[in-house]
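Values in this text are rule-based calculations from the coordinates and carry no lab data. All figures in this text were calculated on a predicted structure; none of them were measured in a lab. Backbone-built Cβ (ideal geometry, glycine too); neighbour counts: all protein chains shown.
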Amino acid sequence: MGIFNLKTDEAWKINYIKEFNEMRSSYENKLQKKQTEIEKLKLEIEKLINSKNTLKPKEKQITDKDISSIKKLRNDGLSYREISNKTNWSKATVSRVLNGLYD
């Protein structure tokens with residue numbers, strides 16, 4: 001009877017080790033997949049950060065003639081609103097012109 005118990009003990013140990021190794025392998029695979037996913041996300045974040053630096057500002061659409069006209073109207077005493085109404089440029093643009101942003 002002692003030999004029979006040894007064989008079952010050995011079989012139990014072997015099965016336990018096999019199951020443990022399978023479980024460990026499964027967890028390692030899951031961890032590897034998650035790590036790969038994390039690396040992909042890091043690369044996407046890096047691309048987004050770098051793409052912000054490549055954005056170009058909107059090019060100047062207002063002409064030098066319009067700028068001169070706005071400045072002349074202001075020198076003539078017109079308000080920003082009046083200049084905006086006459087030139088069809090927004091008050092913000094009129095303000096930018098008069099504050100020297102387009103100089």
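Computed values, structure above
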read-out: Filter result (part of a helix (DSSP H, G or I) and among the acidic types (Asp, Glu)) within the stretch 62-103; value: 64, 66, 82
read-out: Extreme residue, surrounded by the most Cβ atoms within 10 Å (Cβ to Cβ), among residues of the stretch 61-97 that are within 35 Å of the chain's Cα centre (by Cα) and among the hydrophobic types (A, V, I, L, M, F, W, C); value: 94
read-out: Pairs with Cβ under 9 Å, 6+ apart, first in the stretch 62-79 and at negative phi and touching a residue at least 24 places away in the same chain (Cβ under 8 Å), second assigned to a loop (DSSP other than H, G, I, E, B) and charged (D, E, K, R); value: 67/103
